[in-house]
Structures are given as C-alpha cells and as structure tokens.
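A short write-up of the structure that comes next.
The values are calculated or read from the model by the stated rules, or taken from the named source; none is laboratory data. Keep in mind the model is a prediction, meaning the values are calculated, not measured. In this analysis, Cβ positions are derived from the backbone assuming ideal geometry, glycine residues included, and neighbour counts consider all displayed protein chains. Heavy atoms of the whole protein, side chains included, go into the accessibility calculation; ligands, DNA and RNA do not. Shrake-Rupley method; radii C 1.70, N 1.55, O 1.52, S 1.80 Å.
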Amino acid sequence: MRSGFMPQSEAQATLPDQTLAPIPTLVTGWGGGAGTPVSIVRPDGVEALRAGLELASRGAIARGMGRSYGDAAQLSGGLAIDTGLLKRMELDAHAGIVTAQAGVTIRELLESLLPMGWMVPVVPGTQHVSIGGAIASDIHGKNHGTAGTFGSHVEALSLFTADGELCELVPGSPDALFEATLGGMGLTGVIVEARIRMRPVGGPLLAVDTDRVGSLDEALAALQAPGGTHRVAWLDLLCSRPGRGIVTRAEHIATPEADARPTVKARAAVPHRWPGGALRASTVRAFNALRYRTAPRRERGHPESIGRHMFPLDALDAWPRLYGPRGLLQYQLVVPTGAEKVLEVAIERLRLANIPCYLAVLKDFGPANDAPLSFPIEGWTLALDMPRAASGLDRVLDALDELVAESGGRAYLSKDARLRPEALKAMYPRLEEWRRVRDRADPAGLWRSDLALRTSLI
Ligand SMILES: Cc1cc2nc3c(=O)[nH]c(=O)nc-3n(C[C@H](O)[C@H](O)[C@H](O)COP(=O)(O)OP(=O)(O)OC[C@H]3O[C@@H](n4cnc5c(N)ncnc54)[C@H](O)[C@@H]3O)c2cc1C
C-alpha cells in the first residue's frame, strides 16, 4: 500500500510562500547571537532551484530548520536556500520505505508514520529537524550503538548539484558522492529528496530504565548496562561533585492501543527579549539539584511516550533566548573507547576556568560509517552547553580541541561555531579525500557556508 501526503508546515517557518524573489534577512544558528545578513529564496521544486542559482553569484548554501547551533546553514552576503516548501512524502507502508522531500521534518514523519507502526530509525534530541539537515549532518540518536547514523538508513537521495542537474545517488557508487553528502554539511549540493528505511515498532511508548549515578565513571558504566537501545546520561556539572547524573536506557514496547503523542507540543515560548536577562549559574545549579533529587534512584520499565522521552527540550520553544543576546555555544566532542580520561579532563578544565556548563549530555557511539565527514566514531560523545559570553571560553576550547584530536577524537561540525582550520584538519583524517570528491562535484565552489569558510573546510 502506498500513501502520499503533504504535512502541515512547521510553525517555525515564517517566510511567505514564495519561490524566487530573494528576501534579505538576518539569520543565526540555533545558538543565537548577532544575526548574519543573507538573501533567502524558498524554491518549491527543481525548476525554482535552477532559477535560484542565477542569484547565487556570491555562493549559496541550503538551510533546513536552522537547528544546527553555529554557522553551518548560512553564508554572509550570500544566498540561503530554504527548503521549507519541499514537503512531499510518500510511504510504502508494506516495505516501510519513505520517499520524502528535504523539507519534511522528523516531527512530520513521526506524526504520519507512527500511527501506522513505523518509526524514524534515528532521531536527534529535537523533532524540528529537516530530512535534508539530518542527512547533511549525518545525525545520530541515542541508539547509535545499534542503529548507526541517519545516513545508514538512506537507500538513495537526489542531489541538486552545482551544474544545475539533479543526480540520483546511492551508497557505494564509484564517484563516492553519496558518502561525501552524508555529513557533508550542504557543501556538495542541495538534497532534494531521499528514500529512507523506517523501523517497525509496536506503538508510541518506550519502557525506560533509570539509574541515578554519583560520578562520571558510574555514568559510563550505567550506559553500558544491558537492556534499552536508546541510551543517554544527563550530567550535573554545576554541583560540588561534577559528573553526578541520571542515566536512562529505553526500549520500544508493543502497545498499539496506547494513546500517546509521538511528538511534543511546546507548552511555552521564551519571549524575544527575555526579561530575566541571561541565565545564572546559581539558578541552573538549583534546578539541576532538584532534577537530580527528584529522579528515581533506580527504576525499571517505566512507560513513557516517544515524544516526551526523545525531545524534552522541545517543550519550551526558543529556549536559547534564556542565554541572553550572545546566545549559547554547544561543544560536542567524541573520543574513542579507551580515551575516557579526556572527558574527565574536559569537565575539570572548564570548571577550573569558571565556565559554567548548563547542560551536559553523554552518550555512547558504535562503529563509524563510511562517510568521510560523519561525526560518530566508536566511543563516547559529550555535549556541553555554555554561555557564549563566558570569559575565556575560546581559549579553553582551543586547548580542548588539541586534547580531543590527540586522542583520535573530534568535534561535531553541526554544533560548531568556533573551530579553527588546524583543529579541523587534525580531527578529520579523511578531510582531503572528502575535498577531492567535493571539488569534482563543485569545481567553481558554488556551495559555501560561513562554517566552511571559517574552518577552511573547502
Ligand atoms: C535541541 C537540539 C538537539 C539536537 N540533538 C542532536 C542529536 O541528538 N544528534 C545529532 O546528530 N544532532 C542533534 N542536533 C543537531 C541537529 O540534528 C542538526 O544540526 C541538523 O542538521 C539540523 O537540521 P536542520 O534541518 O535544522 O538543518 P540546518 O541547521 O538548517 O542545516 C544544517 C546543515 O545541513 C545543511 N542542509 C540543510 N538542508 C539541506 C539540504 N536540503 N541539502 C543539503 N544540505 C542541507 C545545511 O547547509 C547545514 O550545513 C540537535 C539540535 C538541537 C537544536
């Protein structure tokens, strides 16, 4: 059985439905901060994309839901190609294969497919991510150990390339353009459509095991305990014993009759000019202490909806505004198994430099895939949210980059707003291989972003 549908567009999208006339506007990454001037076009298909190229004399980059934290989906003075009108999707309900255009979001997929028993195999910590953004960042979920990245479930994709053609890409082709596009941060072209394998599930609920842990070591051990493929640890780094936290391991359960929302509806939004100024360490410390104390010490099999468990931050719209006008910076690193000491050192150095980490999340990763710029490698990933205005932040993170790279680890480009070219080179050993493929696909360097120029990615 095949069913085609056109989901509601996201509330976040504020542009008028237009296709060609570029609109000058200021954009930022999800971390906020001062806006960057771009011209935005919003094509509704390939013909409009081709027309858009005429306007791209200073380069162009695709933009999905703008949930990357830094400057990946923008090009100062250039063209941003908003994919918000590319919304068609079709499900082969027998095979569980979705063919979706790039602007369809994870939320839209879940709302349409979960009632039919199909789950998006890899979801990030927010439902507001487009298919194009998910592929271009080769995103991971809490289940990387068993499911790999989002890209591992993509059977084919259509890429709009610099010569104005639409290329059908499949894994393992001699030109390696499919692999260069997974995690390629929009720099090989605009993904227009993808064919993605879904996972069968028995309903909208997860059974969640929870353990309260007293240290980073305990968190690492609890993440490896048996049971539950979706694993994550929240760490409290503001208390006197940094590293205590809450570890959850969740598994899908068969409850077809359960009436739980597969997604999250924001219950409130932080206003544009947040009257509380910027978050304070003392407030977050008290919130963390309450969260830790009220979590169960040990709980097994607690039923929770997929939406609530996977996307807790989506309950508060525009939450980065809590960080004040300069916004937040997220530093997400991964280190290989055996380099756990680096996690401890990173936490300690930030503490010694008085840089407050308001949110810290730890996950385990399984083996890397074949895409040269894909972020996950087998080991541990730690994501740290810090105020951009914290004094000494860049100095401390530059030093951490060296440590992470020496251990064989790397920082996640989709979260990045500050990495230096030398660090990028040290962290991504297959960078040259990726550049060769990209340069063949885009010899004149049409696809560019502020991230790419800042880090010398291209
Ligand atoms: C609260 C929160 C939690 C998150 N949790 C996770 C997580 O658990 N795991 C994880 O991996 N990531 C996570 N992320 C990051 C997010 O998944 C990625 O940044 C994702 O790429 C964002 O998708 P987007 O549609 O917003 O893309 P954008 O931010 O708009 O763009 C991101 C990149 O994708 C490119 N791109 C977008 N659309 C296309 C297209 N059609 N063709 C080619 N390139 C395109 C852009 O050029 C840019 O380089 C999280 C983000 C937030 C805000």
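For segment 231-257, filtering for residues that are in a loop (DSSP other than H, G, I, E, B), open to solvent by less than 30 Å² (accessible area, probe 1.4 Å) and among the aliphatic types (A, V, I, L, M) leaves 2. Among the residues of segment 344-355, are any among the hydrophobic types (A, V, I, L, M, F, W, C), open to solvent by less than 50 Å² (accessible area, probe 1.4 Å) and within 21 Å of the chain's Cα centre (by Cα)? Looking through segment 344-355, none of the residues is among the hydrophobic types (A, V, I, L, M, F, W, C), open to solvent by less than 50 Å² (accessible area, probe 1.4 Å) and within 21 Å of the chain's Cα centre (by Cα).
Every condition in (1) more than 16 Å from the ligand (Cβ to nearest atom); (2) in a helix (DSSP H, G or I); (3) crowded, with 16+ Cβ neighbours inside 10 Å holds for R212 except the one numbered (2). Quick one: is I135 buried (at least 24 other Cβ atoms within 10 Å of the Cβ), in a helix (DSSP H, G or I) and in contact with a strand residue (DSSP E or B) (Cβ under 6 Å, 6 or more places away or on another chain)? Answer is yes for this residue.
Scanning segment 49-66 for residues that are crowded, with 24+ Cβ neighbours inside 10 Å and either among the aromatic types (F, W, Y) or near the ligand (Cβ under 9 Å from one of its atoms) (or both) yields a count of 5.
For segment 67-77, the tally of residues that are more than 7 Å from the ligand (Cβ to nearest atom) and surrounded by 24 or more Cβ atoms within 10 Å (Cβ to Cβ) stands at 4. With respect to T99, is the statement that it is among the hydroxyl-bearing types (S, T, Y), within 20 Å of I196 (Cβ to Cβ), within 15 Å of the ligand (Cβ to nearest atom) and part of a strand (DSSP E or B) true? Considered against the rule, which asks whether it is among the hydroxyl-bearing types (S, T, Y), within 20 Å of I196 (Cβ to Cβ), within 15 Å of the ligand (Cβ to nearest atom) and part of a strand (DSSP E or B), T99 comes out as yes.
Quick one: how many residues across segment 183-203 are over 17 Å from the mean Cα position of the chain (by Cα) and either within 15 Å of the ligand (Cβ to nearest atom) or crowded, with 24+ Cβ neighbours inside 10 Å (or both)? Result for segment 183-203: 8. Restricting attention to segment 413-430, the residues that are out of contact with any strand residue (DSSP E or B) (no Cβ under 7 Å at 6 or more places or on another chain) and within 14 Å of the ligand (Cβ to nearest atom) add up to 3. Within the set G132, G84, the sole residue that is within 12 Å of the ligand (Cβ to nearest atom), closer than 13 Å to R195 by Cα and among the small types (G, A, S) turns out to be G132. Within segment 323-339, the set of residues being open to solvent by 30 Å² or more (accessible area, probe 1.4 Å) and under 10 Å from G32 (Cβ atoms) comprises P325, R326.
Looking at this structure, is A221 assigned to a loop (DSSP other than H, G, I, E, B), of a type in the set (A, V, I, L, M) and open to solvent by 20 Å² or more (accessible area, probe 1.4 Å)? When the stated conditions are applied, A221 does not pass them. Take the conditions (1) within 16 Å of the ligand (Cβ to nearest atom); (2) touching a residue at least 40 places away in the same chain (Cβ under 8 Å); (3) in a loop (DSSP other than H, G, I, E, B); (4) open to solvent by 30 Å² or more (accessible area, probe 1.4 Å); I377 misses just one of them, which is (4). Against the conditions (1) within 21 Å of the chain's Cα centre (by Cα); (2) more than 30 Å from G189 (Cβ to Cβ), T337 satisfies every one except (1). Taking the conditions exactly as written (modelled with pLDDT of 90 or more, closer than 21 Å to G66 by Cβ, out of contact with any His (no Cβ under 9 Å at 6 or more places or on another chain) and not hydrophobic (A, V, I, L, M, F, W, C)), does G301 satisfy them or not? No; evaluated as a whole, the condition is false for this residue.
With respect to (1) over 14 Å from D163 (Cα atoms); (2) of a type in the set (K, R); (3) in a helix (DSSP H, G or I), the lone exception for R50 is condition (1). Being surrounded by fewer than 22 Cβ atoms within 10 Å (Cβ to Cβ), hydrophobic (A, V, I, L, M, F, W, C), out of contact with any strand residue (DSSP E or B) (no Cβ under 6 Å at 6 or more places or on another chain) and closer than 26 Å to S152 by Cβ holds for only one residue in A368, A399, and it is A368.
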